[in-house]
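Data block below; observations after.
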Amino acid sequence: AAGGKATPLTTLDPARHEVSHELPSFLPDGHHFLYLSHSSVAEESGVYAGSIDDPPEHQTRTRILANGYGAYFARSTTNAGGWLLFLRQGNLMAQPFDPVSMTLSGDPTLVVQGVGSRFETGLFSATENVLLYRTSSSIETYQLTRVDRHGQPVGTVADPANIDGVTVSPDGTTVAYRKISPSGVGGEIWIYDSKRSVRDRKS
């Protein structure tokens, strides 16, 4: 509480194509935490557990949940365990989770539909007996737009979609972008050729 030196708890794993560790949330013991490993290969993203008592090289590397969004633990009011809450295709799901063994059990069940999100963050929070969330009426869509040197729109690129990871080629004639899947895990890489005004799916 009085401050101190910041030290890393995790390190990125190049073998898993990790680009960030984010959205940490503590488990009830105050030592272990959940976090999202965000990978450039979407299928390798997922939720992991770590401990503030372990150096990076001793953190467990077992994936708890394959998911593109962060997950949060809600303690049960009837037993020592609880629920792992996470988004899947815009729906808030709950699955039994043991915070001691760090294992899921049973199948995920639907809690509420149409929960909003922002990047890898689901817009919800929960305690033992309270759930707070923000609804989303539809999947976020973005329109890639070309502008001139004065910032004025001069045309659009491709169709509106849930897009991220936009990269322009060095000669400025081609745009690569990712269309995110509704589940938040995986997506499609598209290439737009401005000279021919055509787009092609690459993966």
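Points to keep in mind about this one:
- In terms of its Cα atoms, region 1-59 spans 39, 24, 19 Å along the principal axes, sorted from long to short.
- Taking 15 Å as the cut-off, the amide N atoms of region 140-164 that come nearer than this to a point 7 Å along the Cα-to-beta-carbon line of Arg199 belong to 140-146, 155-164.
- Unit charges at the beta carbon, dipole of region 65-203: most positive-side option, Phe119, Phe86, Ala71: Phe119
- When you restrict to C-alpha pairs under 8 Å that are six or more residues apart and normalise by the size of region 69-189, the relative contact order lands at 17 percent.
- Separation of the Arg149 and Ser169 label points, Cα + 7 Å toward Cβ, nm: 2.3
- Å² of accessible area per residue within the chain, as computed with a 1.4 Å probe and no ligands counted: 60
- About the Cα centre, charge dipole magnitude for region 1-96 (Lys/Arg +1, Asp/Glu -1 at Cβ), debye: 240
- Surface calculation, 1.4 Å probe, protein heavy atoms: Arg61 sits at approximately 70 Å² accessible.
- Reach of Lys179 by Cα under 25 Å, taken over lysines that are not fewer than 8 positions away in the same chain: Lys195, Lys202
- According to the Cα-based calculation, Rg over Rh for the chain is 1.05, with Rh computed by the Kirkwood formula.
- In the assembled protein chains, His17 presents an accessible area of approximately 80 Å² (probe radius 1.4 Å).
- Fully extended contour minus Cα-Cα distance, from Leu131 to Thr156, at 0.36 nm per residue: 5.0 nm
- Assuming charge only on the beta carbon of Lys and Arg (+1) and of Asp and Glu (-1), the dipole of the chain about its Cα centre is about 640 debye to the nearest 20.
- Full-extension gain in nm, Ile189 to Thr11, via 0.36 nm per residue minus C-alpha separation: 61.4 nm
The values are calculated or read from the model by the stated rules, or taken from the named source; none is laboratory data. All values reported here derive from a predicted model rather than from experimental measurement. Heads up, the Cβs are rebuilt from the backbone with ideal geometry, glycines too, and the neighbour counts pull from every protein chain shown. The accessibility values were calculated without ligands, DNA or RNA, using every heavy atom of the protein model including side chains. Shrake-Rupley method; radii C 1.70, N 1.55, O 1.52, S 1.80 Å.
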